[in-house]
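To keep things clear, I will list the structure first and then write my remarks on it.
Values in this text are rule-based calculations from the coordinates and carry no lab data. This is a predicted model, so every value here is computed, not measured. For neighbour counting, all protein chains shown are included, and Cβ atoms are generated from backbone atoms with ideal geometry for every residue, glycine included.
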Amino acid sequence: MPTFENESLIIDCQVHAYEQDRPERPWIGTLHGPKAVTGDDMVDAMDQVGVDGALLVSPWSMYRYDPSYALEVYAQHPSRFGLIRPFDPQSKNLPEQVSEWAATPGVVAARAMIMGHRATQAADAPDSGINQILSACAKHNLPVNILGWGNLDLLGELARRHPQTQLVIDHIGLQQPFEPPAPENPFNNIEQVIALAQFDNIAIKISGACTLSQQAFPYLDIWEPLGSIFDAYGLERCMWGTDWTRAVGFLSYQQGVDAFRVTDQLSDTEKSMLMGGSLARIYQWQPSTTTPVTLNPNKKVR
């Protein structure tokens with residue numbers, strides 16, 4: 001495993017970028033957020049608040065399994081983004097797809113969608129699509145992000161079946177809102193999330209957490225439930241992120257950063273681990289900027 005010398009870098013574990021709906025690359029669905037957040041827009045937002053890099057997740061809601069726009073963004077900003085794309089468990093040539101993705105410059109991980117009752121092609125069968133994805137990713141040392149709210153039992157079974165595959169729970173493993181208000185009991189299923197900490201090959205994204213708050217910035221009511229997750233997993237398996245742009249209806253990008261960067265709930269060492277250090281180790285990646293990006297106070301943050 002590589003050594004990462006600059007662990008003070010701030011790295012967002014999940015952001016999205018997308019262009020406006022157009023015939024050449026039509027949206028299949030919609031993602032709650034602005035009409036477009038291009039790669040340039042995302043980099044500008046990061047620069048304004050001092051975020052050095054991010055994992056750029058091709059948005060399933062808009063593009064399903066087509067990562068072409070994320071690849072374009074990476075080509076324009078290769079020093080700032082690590083790439084993640086979702087895979088379709090119904091595909092017939094998954095090992096080949098994963099192998100091709102693993103060989104693509106900028107790639108750091110894959111993604112699988114098993115939330116709710118989404119079909120996973122008989123996930124309990126060894127040759128099912130979801131199991132093929134996880135097996136293939138293990139061969140290429142690719143972590144697999146799992147969007148699994150409402151299906152955490154399956155996530156645990158997958159972790160048990162694939163001990164050599166690094167799994168990463170998306171968005172705290174909890175269903176998160178797309179627009180205000182926050183749900184009344186957003187952490188209802190947190191015990192299921194905590195139970196998954198028993199698997200050494202599972203890490204967890206603390207992404208979109210602020211959208212679960214019943215309070216205004218700095219969202220103090222999220223810290224008690226998050227603390228129980230930190231205790232269960234250890235901060236070395238937890239990664240901060242904003243889930244920008246899905247969270248735009250709840251907070252600004254700067255609020256999503258500062259809720260963790262300026263909190264007194266964590267020490268400086270803990271912040272460094274949560275906001276970049278653990279991600280660099282789990283994904284074996286960090287932005288190639290040589291010095292941390294600094295906040296430009298003269299720019300207005302969206």
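Could you count how many Lys pairs in the chain have their Cα atoms under 30 Å apart, skipping same-chain pairs fewer than 8 positions apart?
Summing the qualifying lysine pairs gives 11.
What's the long-distance tail for the stretch 76-214, i.e. % of Cα pairs beyond 23 Å?
Considering the stretch 76-214, 35 percent of its Cα-Cα pairs are separated by more than 23 Å.
Rounded to the nearest 5, what is the percent of antiparallel bridges among the DSSP beta bridges in the stretch 11-283?
Counting only bridges with both partners in the stretch 11-283, antiparallel ones make up about 5 percent.
Quick one: if the Förster radius is 30 Å, what FRET efficiency do Ser68 and Lys139 give, using the C-beta to C-beta distance and rounding to 0.05?
Result of the calculation: an efficiency of 0.75.
Please tell me the relative contact order of the stretch 19-153 in percent, rounded to the nearest whole number, where contacts are Cα pairs under 8 Å and at least six residues apart.
Answer for the stretch 19-153 is 19 percent.
State, in angstrom, two size descriptors of the chain derived from its alpha carbons: Rg to one decimal place and Dmax to the nearest whole number.
For the chain, the Cα-based Rg and Dmax read 17.9, 56 Å.
Take the chain, connect every pair of alpha-carbon atoms lying under 10 Å apart with a spring to form a Gaussian network, then pick out the residue of Asp221, Asp12, Asp243 with the largest mean-square fluctuation.
Judging by the Gaussian network model, the answer is Asp221.
If I take R0 = 25 Å and measure r between the Cβ atoms of Ser228 and Ser267 in this structure, what FRET efficiency does the formula 1/(1 + (r/R0)^6) give, to the nearest 0.05?
The formula returns an efficiency of 0.90 here.
Provide the gained length on full extension for the span Glu184 to Gln198, in nm with one decimal, where the gain is 0.36 nm per separating residue minus the Cα-Cα distance.
Stretched out fully, the Glu184 to Gln198 stretch lengthens by 2.2 nm.
Just need the relative contact order of the chain here, percent rounded to a whole number, with Cα pairs under 8 Å and 6+ apart.
Taking the mean separation of contacting Cα pairs over the length of the chain, I get 25 percent.
Between Gln215 and Glu236, what length comes free when the chain is fully extended (0.36 nm per residue of separation minus the Cα-Cα distance, one decimal in nm)?
Fully extending the segment from Gln215 to Glu236 adds 4.8 nm.
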